[in-house]
Amino acid sequence: ETSGASLISYQDETYPFTIDLPSDWFIQEVEDDTYAVLVVSSDSEGDDHATIAVVVEALDDEAQLSDVIATTEQTLAAQYDIEEFNTDLARPIQINSVPGEERIYAYRVDSAPVRQRTAYIREGSYLYTISLVASPALSSRYAELFDGVLASFTGA
């Protein structure tokens, strides 16, 4: 669990995207209502850990990114174990020439503070939501690593 972890290229086999992920983190693919790749900094339960999540959703052609983000934020804030949900930062971004939106959220889960930095990128008919979710201390520790993860992303 190092902040200077090297990155390895991850080519998704289900959806058309490539992203660099920390080589010493634990990767798992999850298919539920949506498809996600979760990368966790520690596999020890109870350890303070960070998670990088790449969630892929199909979008209708008419769907506006701002509406999708608003719905996602409402859903996140309404989860039963989330309290004191705030958006600390909202700004436009570009990742490999694709426009998107970045958000930094702060909230509490079971009284523990959490920071979530999320990039929303629409590429073709897919919405890619790439997040770093961690305690404030680990969020700061992995900020530069996550910058590299975001910069490496290429979608459909």
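Throughout, read-outs are computed from the coordinates displayed, never taken from laboratory work. Here the structure is a predicted model, which means the values were calculated and not measured. Here the Cβ is made from the backbone with ideal geometry for all residues, glycine too, and neighbour counts use every protein chain on show.
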**Message:** I want to verify a result. In a Gaussian network model of the chain, Cα cutoff 10 Å, which of these has the top mean-square fluctuation: ALA106, ALA77, ALA36?
**Reply:** ALA77
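Where in the stretch 52-109 are there GluC sites (Glu not before Pro) that are in a DSSP coil and have at most 11 other Cβ atoms within 10 angstrom of their Cβ?
Details: sites: GLU57, GLU62, GLU73, GLU83, GLU84, GLU101, GLU102; in loops: GLU62.
Those satisfying the criteria are GLU62.
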**Message:** Can you give me the C-alpha center-to-center distance between the stretch 34-92 and the stretch 93-156, rounded to a whole angstrom?
**Reply:** 8
**Complete:** Computed over the stretch 30-83, the Cα gyration tensor eigenvalues, each multiplied by 5 and square-rooted, give semi-axes in Å (largest first) of 26, 16, 9
**Prompt:** Can you give the FRET efficiency for GLU83 and ILE104, using 1/(1 + (r/R0)^6), R0 = 22 Å, r = Cβ-Cβ distance, to the nearest 0.05?
**Reply:** 0.80
**Item:** Isotropically averaged projected area of the stretch 9-52, using the convex hull of Cα atoms (one quarter of hull area), nm²
**Value:** 3.5
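Going by a ≥ b ≥ c, the root eigenvalues of the Cα gyration tensor, does the stretch 5-94 fall in the rounded group (a/c under 1.5), the prolate group (a/b larger than b/c) or the oblate group?
oblate
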**Message:** Taking 8 Å as the Cα distance limit and 6 or more residues as the minimum spacing, I'd like the relative contact order of the chain as a percentage.
**Reply:** 24
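What Kirkwood Rh does the stretch 82-131 have if only Cα atoms enter the pairwise 1/r average? Answer in Å. Let's see the in-between values first.
Values: mean 1/r = 0.0849 Å⁻¹.
Kirkwood hydrodynamic radius for the stretch 82-131: 11.8 Å.
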**Asked** One-quarter of the Cα convex hull surface for the stretch 37-156, in nm²?
**Response** 7.6
